[in-house]
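Report on one structure; see the data block that follows.
No value in this document is a laboratory result; all are computed from the given coordinates. None of these values were measured; they are calculated from a predicted model. Neighbour counts run over all protein chains shown; Cβ positions are idealised from the backbone, glycine included.
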Amino acid sequence: MSVEAEVEMAWRLVLGSSHLYKRGFESGVGVGESAAFEPKLIIFLGMGGSGIVGDIVSDMMYPIHRHPTYVCKDYTLPVPVDDKTLVIVLSYSGNTAETLTGAAEAYTSGGRLFAITSGGLLDDLAGRHGIPTVKVAKGMEPRFAVPEMVGALIGVLHGLGIAGKLERLFLTAVESLTEYLRGFEKTAEGEPQRISKTLLGRVAVAVGHTHLRSVSYRLKSQLNENAKHPSYVTQLPEAFHNEMESWRPSQHTSYIIFRSSYEPPAISAALNWIVGELESSGQSYSVIRTQSKTYVDEMLKLITLSDLISISLAAAKGVHPLKLSLIPSFRRLLSLDGRLQDLAVRRFGG
Ligand code: PA5
């Protein structure tokens, strides 16, 4: 497929996000309801395009959560697990070594597992060991299945009876996203194209904070994977305790600053300082903000905008947004050529 055709397809996939969020939610609810229990602790387990689903939902839950929640992007679990621990295993392909290894540890420790996947070994193991599973549509690049997986995860939490206000916040935000997406129907010159141009020839630095941490990380990762672009993320307030000491004007970077209608006053002050410095030193930067009714509404819109910026940049650079050339080899390396998946299957008991 040509770059142009891939760009067009990727753009269309993003414009279909609200439908995917809803479809995922509807499938998730039933799965959650079928196995309801009250956990003491929650772990979201996943890597890359699936792991970010845990980050996004964890940021959505943060202001209203009732349970300590961890996002794990590693082979080992961050805390001890028992039968009061809800472990949601997120892997679009179902074959990611780190995720399967963590899932095997959770399973052998007695954790209550749920899976969200399109198939692969995870689906197989879940079928054989009675793990409630939400099946998402097959045949997508994992990072483009994020809306469906986010919907599925919130659906499971709602079905389990532990989503609280998040269910309403989410469904209302999805409605409002449908309207927002209409503004991007024409792919000519809009905000995504304008911002992507500022990144050409420069390293992108996404500045995130509070509930927009996951969103800034999403932008960084989408720029890496879709646009094959060097991109990093910096999080506030932490950056003011290290990174800012090295803050020097540079023509080689372009900052993308996420502003929110829900910024705590100290974060606003820090962001104002950053914008002031960038402006006065003539550095390249963009500020991203959107009109929203709630912080969840804001997150969904900014995730969409981030995705579109990455696709616009892929188009401007002439690279394939849907193809990956290095990640598949790294996946082999990180699984020790499949030996870690075999080990995980054995730990589950075959
Ligand atoms: O977007 C991608 O293709 C990657 O970031 C994958 O999501 C990552 O390699 C993990 O794979 P999976 O989502 O299948 O578990």
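Has the stretch 61-72 got at least one residue that is hydrophobic (A, V, I, L, M, F, W, C), within 19 Å of the chain's Cα centre (by Cα) and more than 29 Å from residue 335 (Cα to Cα)? Yes, that holds for at least one residue.
Is it the case, given these coordinates, that residue 74 is within 26 Å of residue 120 (Cβ to Cβ), within 16 Å of the ligand (Cβ to nearest atom) and assigned to a loop (DSSP other than H, G, I, E, B)? Taking the combined requirement at face value, the residue satisfies it. In the stretch 216-246, the qualifying residues are those that are of a type in the set (A, V, I, L, M, F, W, C) and part of a strand (DSSP E or B), and the one that is farthest from the chain's Cα centre (by Cα) is 236.
Within the stretch 270-280, work out how many residues are surrounded by 12 or more Cβ atoms within 10 Å (Cβ to Cβ) and among the small types (Gly, Ala, Ser). The number of residues fulfilling the criteria is 1.
Scanning the stretch 28-47 for residues that are buried (at least 20 other Cβ atoms within 10 Å of the Cβ) and among the small types (Gly, Ala, Ser) turns up 28, 32, 46.
Only a single item in (1) part of a loop (DSSP other than H, G, I, E, B); (2) farther than 19 Å from residue 130 by Cα; (3) within 16 Å of the ligand (Cβ to nearest atom) is not met by residue 66, and it is number (3). Taken together, the residues in the stretch 239-259 that are crowded, with 18+ Cβ neighbours inside 10 Å and either touching a Cys at 6+ places or on another chain (Cβ under 9 Å) or basic (Lys, Arg) (or both) amount to 1.
Here the condition is being out of contact with any helix residue (DSSP H, G or I) (no Cβ under 6 Å at 6 or more places or on another chain), part of a helix (DSSP H, G or I) and touching a residue at least 12 places away in the same chain (Cβ under 8 Å); of 9, 1, 60, it holds for 9 alone.
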